[in-house]
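Enquirer: What follows is a single structure, and I will ask about it in a moment.
The values are calculated or read from the model by the stated rules, or taken from the named source; none is laboratory data. All values derive from a computational prediction rather than experimental measurement. So basically every Cβ, Gly included, is an ideal-geometry build from the backbone, and we count neighbours across all protein chains shown.
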Amino acid sequence: MKVFTLVVELGRRSGDGLPDGATGAGLVCYAPGQDEAEAVRETVAILKQAEMAPLDVTGYGTLEERLEEGHEIDDDERALMDRALEENAVIIAQMTPYFADEASQDDPRH
């Protein structure tokens, strides 16, 4: 098993736990799998069980692949990757809620 770094784009769904007014969110996840496709499938399934609405997943590869691409990976991030592997669990490392631009909502051209 390897751990893959995934970025998941979420839409809204009743009971998703996102802040009021958010239009969705982006999640950085570390997910174990035999390959990236398995890691993506497991992550999407878990998010759906948590009443979230995954729309898109972008894979950034394993630790080794990311290092080869020149990504800087700090000790905290490595620890989360290790935890995902040890616990065979998807770890959500970061959540960024998205909010619609209030100015464009008031503008009738949008």
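Enquirer: Could you tell me which residue of the range 25-44 is nearest to R78 (Cα to Cα), considering only residues that are under 12 Å from the mean Cα position of the chain (by Cα) and not in a helix (DSSP H, G or I)?
Expert: Y30
Enquirer: Let me ask something additional. All but one of (1) modelled with pLDDT under 95; (2) surrounded by 15 or more Cβ atoms within 10 Å (Cβ to Cβ) hold for A103; which doesn't?
Expert: (2) is the only condition that A103 fails.
Enquirer: For residues in the range 47-84 being in a helix (DSSP H, G or I) and under 20 Å from T23 (Cα atoms), which is nearest to the chain's Cα centre (by Cα)?
Expert: Only one residue tops the list, namely L47.
Enquirer: Considering every residue within the range 85-92, establish whether at least one is closer than 21 Å to P19 by Cα, surrounded by 12 or more Cβ atoms within 10 Å (Cβ to Cβ) and touching a residue at least 60 places away in the same chain (Cβ under 8 Å).
Expert: Checked the range 85-92: at least one residue is closer than 21 Å to P19 by Cα, surrounded by 12 or more Cβ atoms within 10 Å (Cβ to Cβ) and touching a residue at least 60 places away in the same chain (Cβ under 8 Å).
Enquirer: Of all residues in the range 58-76 being closer than 15 Å to V3 by Cβ and in contact (Cβ under 8 Å) with a residue 40 or more places away in the chain, which is surrounded by the fewest Cβ atoms within 10 Å (Cβ to Cβ)?
Expert: Among residues in the range 58-76 that are closer than 15 Å to V3 by Cβ and in contact (Cβ under 8 Å) with a residue 40 or more places away in the chain, the one surrounded by the fewest Cβ atoms within 10 Å (Cβ to Cβ) is Y60.
Enquirer: Among the residues of the range 16-52, write down those that are of a type in the set (A, V, I, L, M, F, W, C), crowded, with 16+ Cβ neighbours inside 10 Å and within 26 Å of M1 (Cα to Cα).
Expert: Those that are of a type in the set (A, V, I, L, M, F, W, C), crowded, with 16+ Cβ neighbours inside 10 Å and within 26 Å of M1 (Cα to Cα): L27, V28, C29, A31, A39, V40, V44, I46, L47, M52.
Enquirer: Let me ask something additional. Is it the case, given these coordinates, that G17 is in contact (Cβ under 8 Å) with a residue 12 or more places away in the chain and part of a strand (DSSP E or B)?
Expert: no
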